[in-house]
Amino acid sequence: MIAEIQKRIKEASTFITNDPKELEKFRIEYLGKKGHISSYFAQFKKVNVSEKKEYGLAINELKKVTHLKLEDLKKSLNAKKNSKTANKDLTRPASMLELGSRHPISIIRDKIIDIFYKIGFNISEGPEIEDDWHNFTALNLPEHHPARDMQDTFFINKNPDLLLRTHTSSVQIRHMENNQPPIRTISPGRVYRNEDISARSHCFFHQVEGLYIDKNVSFADLKQTLIYFTKELFGNSKIRLRPSYFPFTEPSAEVDIYWGLNSETDYRITKGTGWLEIMGCGMVDPNVLENCNIDSNEYSGFAFGMGIERIAMLLYQIEDIRILYQNDARFLSQFKNSI
Ligand code: DAH
């Protein structure tokens, strides 16, 4: 009898499987109600007194070995289940890569760039940290000019004077300083203003600046360009030009597009009028040309500057500008299908 138990101990300790069903069979065979161990215990009373001690020890040993074996095999089965390579069907097609989405500001910026690119505008860029000359003085905004207050400025340093550019018009100057007419350029970029943050305005935002300088450029050219641009971006919408003032253009105008009032967001963004001001524009002031060494008797031109956020908010029906800067994946993932 004891020899039989010894044999079982050997069997149990050498048992091996990677099939959970086999393991369960093993458990029942050894530890089940009608299994080996309970049957050996049941036979305990029939064993000779002299052998009882050795017999008891043997059963206990068998029990211990069986339990250890079970633990061991369970652990290795679990490890296999969790391991990355186990049970992999290597012929399965790969799962789709999750694509990111582009930011709505980038999408609108690129649309604007494409529209002007088609009619021969190139792209120019300038620094976000600017000096007084490029941001103000060369744009016909000398020191103490009251129009400087139109844009609350973040100043960085007095001497040398450094500030965060308040508009992309500074790139006009840089471009004219380095290129002779004919000039057709657009300059997208980020700008900064020391303004309170609210649903409608932020202390930084994005603009696209446009500049066209050549011989005999007239206000009619500006208007046609604007009509082309707004038709491309907004579809068949009306625009209107309101006389306005900018120190760097003369005459100057602000451009509104008629978007309509089809949603509550439209009401909010257009302040209940259906019209949205999208840009400032005008004929480049001769002083500005002269500041960049361009002969204002020979050349004339137009310029315009627009805010990207406003356009994005209207086209995507976004009510609060702040959501554009929060990098909330739930918001951004909605632009996955936009190009
Ligand atoms: N720089 C102006 C602003 O930020 C926008 C602007 C108006 C740009 C008229 C221009 C322009 O080029 O001609 O408010």
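The values are calculated or read from the model by the stated rules, or taken from the named source; none is laboratory data. This structure is a prediction, so every number in the text was calculated from the model and none was measured. Neighbour counts are summed over all protein chains in view; Cβ atoms, including those assigned to glycine, are modelled from backbone coordinates with ideal geometry. Accessible surface is based on the protein model in full, side chains and every heavy atom, while ligands, DNA and RNA are left aside. Shrake-Rupley method; radii C 1.70, N 1.55, O 1.52, S 1.80 Å.
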Practice prompt. Test Glu209 against the criterion of being assigned to a strand (DSSP E or B), at negative phi and among the acidic types (Asp, Glu), and give yes or no.
Written response: yes
Response to the item:
Expected single match for more than 25 Å from Met176 (Cα to Cα) and of a type in the set (Phe, Trp, Tyr) among Phe234, Phe205 is Phe234
Worksheet entry | Residue, farthest from Cys281 (Cα to Cα), within the range 242-267, restricted to residues that are among the aliphatic types (A, V, I, L, M) and away from the ligand (no atom under 12 Å from the Cβ) | Leu261
Discussion item. Residues that are more than 16 Å from the ligand (Cβ to nearest atom), at least 3 per element: which helices (runs of 4 or more DSSP H) completely within the range 269-339 meet that?
Written reply: 308-316, 329-332
Worksheet item: Any chance the range 200-216 includes a residue that's within 18 Å of Pro247 (Cβ to Cβ) and either of a type in the set (Ser, Thr, Tyr) or open to solvent by 60 Å² or more (accessible area, probe 1.4 Å) (or both)?
Response: no
Response to the item:
Only one of Leu222, Leu233 is within 12 Å of the ligand (Cβ to nearest atom), in a helix (DSSP H, G or I) and within 21 Å of Asp256 (Cβ to Cβ), namely Leu222
Item to complete: For Arg109, state whether it is within 30 Å of the chain's Cα centre (by Cα) and either in a helix (DSSP H, G or I) or within 16 Å of the ligand (Cβ to nearest atom) (or both).
Response: yes
Worksheet item: For the range 157-202, what are the residues that are away from the ligand (no atom under 11 Å from the Cβ), assigned to a loop (DSSP other than H, G, I, E, B) and under 18 Å from Asn140 (Cα atoms)?
Response: Asp161
Item to complete: Name the one entry in Leu241, Leu222 that is in contact (Cβ under 8 Å) with a residue 60 or more places away in the chain and assigned by TED's automatic domain parsing to the domain that holds Leu314.
Response: Leu222
Item to complete: Assess whether Ile123 counts as being closer than 23 Å to Val255 by Cβ and surrounded by 14 or more Cβ atoms within 10 Å (Cβ to Cβ).
Response: no
